[in-house]
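Chemist: Here it is, the structure in full.
The values are calculated or read from the model by the stated rules, or taken from the named source; none is laboratory data. As the structure is a prediction and not an experimental result, all values here were calculated from the model. Quick reminder, even Gly has a Cβ in these numbers, built from the backbone with ideal geometry, and neighbours come from all protein chains shown. Note: accessible area is taken over every heavy atom of the protein model, side chains too, but ligands, DNA and RNA are not part of it. Shrake-Rupley method; radii C 1.70, N 1.55, O 1.52, S 1.80 Å.
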Amino acid sequence: MNKQTIITILLALVAMVGQAKTFKTIKTPVAMACVNVANGELKAREVIMRDTATTMHFTMEYQKEQYFRFAKESYLMDEDGNRYPLRSAEGIALDAWVQSPESGVTDFTMHFEPLPKKVQVFDFIEGDGNRAFKLLGIHDKKTKLKVPTMEELSAANPKRPHRGLRRRAVRFHVVGMLFPECF
């Protein structure tokens, strides 16, 4: 082998090792609730978890010619309350009003700080405002979720009276419980 061949092989190996490692891809993830999307629905189409970033492909189904926006302060939140901020977005302008097209469907992608490998369920939260879009309980449909019983909820919050649901636009995708403290 000549010197040039060896260098080419070494460069190819370095390039392969230097690429981001995808450790989990969730095709058609399930979300427990879509919150504050009064004129439509926000859906996660795919989640790609890499050691360098978490990428989410979304579809916003919104009434045609109506306006919506996504804040650059959007983030993902894991089960422990840790936040993974938005790095960038493709197919949508951040902090700008976007008009829904004639079809009512807008596809876009967002890149976040990487979620840890152990994360099974997480939320997408579009900033900390009262009317922020939220996609809660995002998970792989194969993931078995433990839904607490009413007795477990009462034991965890013995002094907190039931306040009922606040007036929010909420769409459920799976049978589950809605916790008012999440909103």
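Chemist: Could you check how much of the accessible area of region 18-60 is carbon and sulfur, as a whole percent, using a 1.4 Å probe? Provide the component values of the computation, followed by the final result.
Modeler: Working: 850 of 1680 Å².
Carbon and sulfur together cover 51 percent of it.
Chemist: As an exercise, use a Förster radius of 45 Å and the Cβ-Cβ distance of THR59 and THR5 to find the FRET efficiency, rounded to the nearest 0.05. Write down the numbers at each step before the final one.
Modeler: Values: r = 47 Å, r/R0 = 1.06.
After rounding to 0.05, the efficiency reads 0.40.
Chemist: Arrange the peptides 65-76, 31-42 so that the one whose residues have, on average, the most other Cβ atoms within 10 Å appears first.
Modeler: Taking the mean over residues of other Cβ atoms within 10 Å, the ranking is 31-42, 65-76.
Chemist: Relative contact order for region 1-141: what is it in percent, counting Cα pairs under 8 Å that are at least 6 residues apart? Provide the component values of the computation, followed by the final result.
Modeler: Working: 309 pairs, mean separation 39.9, N = 141.
Value for region 1-141: 28 percent.
Chemist: Give me the dipole magnitude in Debye, nearest 20, for region 1-133 about the Cα centre, with unit charges on the beta carbon: positive for Lys and Arg, negative for Asp and Glu.
Modeler: On the way: 15 positive and 17 negative charges, 130 e Å.
So the dipole magnitude of region 1-133 works out to roughly 620 debye.
Chemist: What is the calculated FRET efficiency for GLU41 to MET150, with r their C-beta to C-beta distance and R₀ = 22 Å, to the nearest 0.05? Intermediate results must be reported in sequence, preceding the final value.
Modeler: Working: r = 29 Å, r/R0 = 1.30.
Efficiency, from the Cβ-Cβ distance: 0.15.
Chemist: In whole Å, what is the distance between the alpha-carbon centres of region 138-156 and region 31-84?
Modeler: 21 Å
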